[in-house]
Every structure is written in structure tokens, then in C-alpha cells.
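Asks: Before anything else, here's the structure in question.
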Amino acid sequence: MGGIPEGHSGWTFLTNHARVLASIADDPGTRIRDIAARCRLTERAVQKIISDLEQSGYLTHTRRGRSNLYRIEQGTILRHPAEAGLTVGGLLAALDQRERSREAPPRRWAGHQGSGGAEEPATDFGSSG
């Protein structure tokens, strides 16, 4: 698994719930074992997160043989009041944009100076309306 970074201590920007949801968005037929490896979590932690997401209406699954096929409810509104109006689909689109930018040529620059005196990259996550 050469593309997976080593473990991390300290705080991060994304929650484990967001990481699991993004992993499922990338492959709705993925196994819990694979999600756990990708997100650097235990399988038990992934099972609990999936249960949380299903109980809150963000995710459903259907059995497909011995595995699950997950379906993300894209229009579900995020829980925190500071994210009012932002949907799961919007969050996943922003994360997907980040992934695509890794594979794409270098980003265009906004051409303005940040506080450090250097140009800062343009960021456009679109609007929710």
C-alpha cells in the first residue's frame, strides 16, 4: 500500500466520519477492511462510523452476496450549524476536487499577495445555491 501515508498524531481537518464517507464515495462496493486500511482505522471503528452514518440518514446499504453496496444520500444536510445548507454531496464534491487537482496540471494562481508576501492559489468550491 505505497500510496497510504503513515499514521498521524495530533489534530486533522477532516473527521474519521468524513474520511469513511469519502472512501465509500470512491467505491460504493468497498469492503470494511479496505476502508479501514485507507483511513488508518480499525475495522471495528469503521463499522461504528458506518452505523452512525446510516442512523443519521447519510448512508444506506444493500446486501450483494456476501458484501454490501453502499448508497450515499447526497442531498442530506451536514449536521453542524456552521455548515448550514451544505450537503453531503457538496462536501464530497469539494473533496473530489482536491483529488482531481492532485492528478491535474498545476493550479492557476489568483495573482494576489497573501500575508506572507507570496501569491496564493485560487480556491473555488462553488456555491450551494
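The values are calculated or read from the model by the stated rules, or taken from the named source; none is laboratory data. This structure is a prediction, so every number in the text was calculated from the model and none was measured. Virtual Cβ from ideal backbone geometry, glycine too; neighbours counted across all protein chains shown. These accessible areas exclude ligands, DNA and RNA; they are computed on the full protein's heavy atoms, side chains included. Shrake-Rupley method; radii C 1.70, N 1.55, O 1.52, S 1.80 Å.
So that you can scan it fast, the table gives a plain yes or no per residue for (1) over 19 Å from residue 83 (Cβ atoms); (2) open to solvent by 60 Å² or more (accessible area, probe 1.4 Å); (3) assigned to a helix (DSSP H, G or I); (4) β-branched (Val, Ile, Thr):
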site	(1), (2), (3), (4)
13	no, yes, no, no
18	no, no, yes, no
21	no, no, yes, no
25	no, no, yes, no
30	yes, no, no, yes
35	yes, no, yes, yes
38	yes, yes, yes, no
41	yes, no, no, no
45	yes, no, yes, no
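Asks: For the stretch 49-75, what are the residues that are surrounded by fewer than 15 Cβ atoms within 10 Å (Cβ to Cβ) and part of a helix (DSSP H, G or I)?
Replies: Narrowing the stretch 49-75 to residues surrounded by fewer than 15 Cβ atoms within 10 Å (Cβ to Cβ): 51-52, 54-57, 60, 62-67, 69, 71, 74-75.
Answer for the stretch 49-75, where residues must be surrounded by fewer than 15 Cβ atoms within 10 Å (Cβ to Cβ) and part of a helix (DSSP H, G or I): 51, 52, 54, 55.
Asks: Return only the number of the condition from (1) open to solvent by less than 100 Å² (accessible area, probe 1.4 Å); (2) in a loop (DSSP other than H, G, I, E, B); (3) of a type outside the set (Ser, Thr, Tyr); (4) at pLDDT 55 or above that residue 126 does not satisfy.
Replies: (4)
Asks: Then there's this: Within the stretch 53-63, how many residues are among the charged types (D, E, K, R) and closer than 14 Å to residue 32 by Cα? Walk me through how you get there before you give the answer.
Replies: Start the filter on the stretch 53-63 by keeping residues that are among the charged types (D, E, K, R), which leaves 54, 63.
From what's left, closer than 14 Å to residue 32 by Cα: 63.
Number satisfying all stated conditions: 1.
Asks: Using beta carbons and a limit of 6 Å, which pairs, at least six apart or on different chains, have the first residue in the stretch 23-35 and closer than 15 Å to residue 64 by Cβ and the second one open to solvent by less than 40 Å² (accessible area, probe 1.4 Å) and aliphatic (A, V, I, L, M)?
Replies: Hits for this filter: 32/46.
Asks: If I filter the stretch 76-96 down to residues being of a type in the set (D, E, K, R) and assigned to a helix (DSSP H, G or I), which single residue comes out as farthest from residue 21 (Cα to Cα)?
Replies: Start the filter on the stretch 76-96 by keeping residues that are of a type in the set (D, E, K, R), which leaves 79, 83, 96.
Pick out the ones that are also assigned to a helix (DSSP H, G or I) and you get 83, 96.
Details: 83: 17, 96: 12 Å.
Looking at the filtered set, the residue picked out is 83.
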